[in-house]
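Undergrad: Attaching a single structure in structure tokens format; questions to follow.
What follows is calculated from the coordinates using simple rules that are stated; it is not laboratory data. A quick note: this is a predicted structure, and the numbers were derived from the prediction, not measured.
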């Protein structure tokens with residue numbers, strides 16, 4: 001069976017696995033944003049937390065993904081369902097680029113701008129959302145972009161614990177020693193990563209401030 | 001408020017870093033309403049630090065610092081800063097805001113009505129000698145001199161009675177600097193703010209100042225009127241004056 005005939009015969013399954021993949025990636029990235037950006041902001045305010053937080057995020061990143069899925073299996077609630085576990089693990093991987101880029105984006109805002117803003121009587125909160133976050137936006141978006149592309153790739157491994165997604169076709173193809181099946185999973189995943197990368201790259205450019213002032 | 005009471009009053013103010021290094025040592029002086037007090041000194045003398053204590057960008061270690069008769073530590077820092085205009089050498093304009101939004105920043109966080117703040121922006125642009133059409137531009141589209149003018153306009157936006165200026169004209173070419181100094185003087189004649197002005201340039205100090213406070217290694221060396229400064233017998237002051245006379249090539253007053 002060649003690639004095209006496999007794809008046309010299984011187009012509905014491929015589409016549904018693609019959607020499942022997308023759902024896992026989107027939900028885990030959104031969760032990572034909801035956790036990572038506030039954490040990144042927090043460590044710019046409490047500098048003593050910077051090292052431990054980055055260290056933990058770094059360690060998570062070094063755990064091989066298959067092992068992380070395995071470690072989480074016995075965890076209460078998280079381990080109960082494969083989908084839940086996969087989303088949690090993907091979120092954990094996406095944290096590092098988000099925390100790090102939020103931190104770097106905010107701390108690299110020109111000191112003079114921050115001084116001027118504080119000197120004019122902006123509250124901490126106003127400083128954050130009127131000055132620091134807008135000026136850090138492009139760096140934070142770059143973090144989201146990296147996190148997203150990593151997640152799309154890693155999510156294929158989630159099929160190993162039965163969480164579904166395009167990894168399912170890849171694992172099935174490996175078992176069947178059938179390249180067509182592997183490609184039917186790998187190509188949509190690669191396309192998804194390329195599209196996400198281009199889209200976020202465009203957003204990043206749109207939000208990048210004029211730094212000469 | 002009595003006009004004779006000092007607007008800013010340093011009383012034995014010291015700042016010591018966490019590592020024990022003293023930045024300011026027992027600084028005592030008063031700033032009178034409507035005067036331009038120059039803080040003169042070389043880099044590292046503590047003049048910028050002294051300024052940042054006034055709007056509490058830095059906190060003093062010992063001593064007392066009063067603004068409008070009230071210790072800075074008793075002020076709400078946000079209220080205090082909105083009472084004081086702040087202009088710095090790097091300007092610190094927000095690159096993602098237009099000129100108009102930069103100038104209207106303090107009015108906008110104080111919830112001025114839109115029309116009032118727009119009128120204020122037009123008024124300020126005229127006051128600092130800029131075209132009204134510049135309002136819609138972004139800081140990176142301006143020249144250095146224009147940016148400094150916008151920085152001064154922004155510091156004046158909410159009409160604060162006190163102005164802190166940290167080498168606001170330091171990064172400009174000599175001609176533009178002279179223009180801005182002249183305009184600043186005429187502006188001050190209209191506005192009568194209480195100004196603390198940091199510079200390392202004696203020429204600028206003599207030109208703009210009512211009085212000059214000379215700082216060296218965190219200590220106040222002398223505090224005199226601009227006239228007395230040139231006649232002072234204090235050795236460090238003499239050094240400054242000598243260097244100044246040599247550099248201008250004449251004994252003449254600027």
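Undergrad: Where both partners of a DSSP beta bridge lie in segment B:105-238, what percent of those bridges are antiparallel, to the nearest 5?
TA: 55
Undergrad: Using a Gaussian network for chain A with springs between C-alpha atoms less than 10 Å apart, which of these wobbles most: A:111, A:84, A:100?
TA: Answer for the Gaussian network model of chain A: A:111.
Undergrad: With every atom except the alpha carbons ignored, what do you get for Rg and Dmax of chain B, in angstroms?
TA: Rg, Dmax (Cα atoms, Å): 18.4, 55.
Undergrad: Could you tell me how many degrees, from 0 to 90 and to the nearest 10, lie between the Cα long axis of helix A:82-107 and the main elongation axis, the longest principal axis, of the Cα atoms of chain A?
TA: Relative to chain A, helix A:82-107 is tipped by roughly 30 degrees.
Undergrad: What does the C-alpha gyration tensor say about the overall shape of segment B:42-169? Classify as rounded when a/c is under 1.5, otherwise prolate if a/b is larger than b/c, or oblate.
TA: Since a/c reaches 1.5 but b/c is at least a/b, the shape of segment B:42-169 is classed as oblate.
Undergrad: Just how far, in whole angstrom, is segment B:195-254 from segment A:52-100 if you go by their alpha carbon centroids?
TA: Cα centroid to Cα centroid, the span is 64 Å.
Undergrad: Please give the Cα centre distance for segment B:107-134 versus segment A:125-166, rounded to the nearest Å.
TA: After rounding, the separation between the Cα centres reads 40 Å.
Undergrad: Given the options B:153, B:18, B:100, state which has the largest fluctuation in a GNM of chain B using a 10 Å cut-off (strictly under) for Cα springs.
TA: Result: B:18 has the largest fluctuation of those listed.
Undergrad: Determine the shape class of chain A: with a ≥ b ≥ c the square roots of the Cα gyration tensor eigenvalues, call it rounded for a/c under 1.5, and otherwise prolate if a/b is greater than b/c, oblate otherwise.
TA: The shape class here is prolate.
Undergrad: Any idea what angle helix A:179-207 forms with the longest principal axis of chain A, computed on alpha-carbon atoms, 0 to 90 degrees, nearest 10?
TA: That helix lies at roughly 20 degrees to the long axis.
Undergrad: Would segment B:1-91 count as rounded, prolate or oblate if I go by the C-alpha gyration tensor, calling it rounded below 1.5 in a/c and otherwise prolate when a/b exceeds b/c, oblate otherwise?
TA: It comes out rounded by the Cα gyration axes.
Undergrad: Under the definition of Cα pairs under 8 Å and six or more residues apart, what whole-number percent is the relative contact order of chain A?
TA: Reported relative contact order: 28 percent.
Undergrad: In percent, what relative contact order does segment B:93-160 have, based on Cα pairs under 8 Å that are 6 or more apart in sequence?
TA: Relative CO of segment B:93-160 lands at 49 percent.
Undergrad: Among the DSSP beta bridges whose two residues both lie in the protein assembly as shown, what percent are antiparallel, rounded to the nearest 5?
TA: 50
Undergrad: Most fluctuating residue of A:202, A:125, A:23 in a GNM of chain A with Cα springs under 10 Å: which is it?
TA: Of A:202, A:125, A:23, the Gaussian network model singles out A:125 as fluctuating most.
Undergrad: Further question on the same structure: With everything on Cα atoms, drop me the angle between helix B:114-127 and the longest principal axis of chain B, reported from 0 to 90° to the nearest 10.
TA: That works out to roughly 50 degrees.
Undergrad: Determine the calculated [θ] at 222 nm for the protein assembly as shown from helices alone, applying -39500 (n - 2.57) to every DSSP H run no shorter than 4 residues and normalising by the residue count; nearest 500 deg cm²/dmol.
TA: Theoretical 222 nm ellipticity from helices: -17500 deg cm²/dmol.
Undergrad: Determine the percent antiparallel among the DSSP beta bridges restricted to chain B, to the nearest 5.
TA: Here the share of antiparallel DSSP bridges comes out near 50 percent.
Undergrad: Hey, what's the Kirkwood Rh for segment B:93-160 if you take every pair of different alpha carbons, in angstrom?
TA: Taking the inverse mean of 1/r over all distinct Cα pairs, segment B:93-160 comes out at 11.5 Å.
Undergrad: Below 8 Å between Cα atoms, with a sequence gap of 6+, how large is the relative contact order for chain B in percent?
TA: 26 percent.
Undergrad: A follow-up question, please. For the protein assembly as shown, what is the convex hull volume of the alpha-carbon atoms per residue, in Å³?
TA: 202
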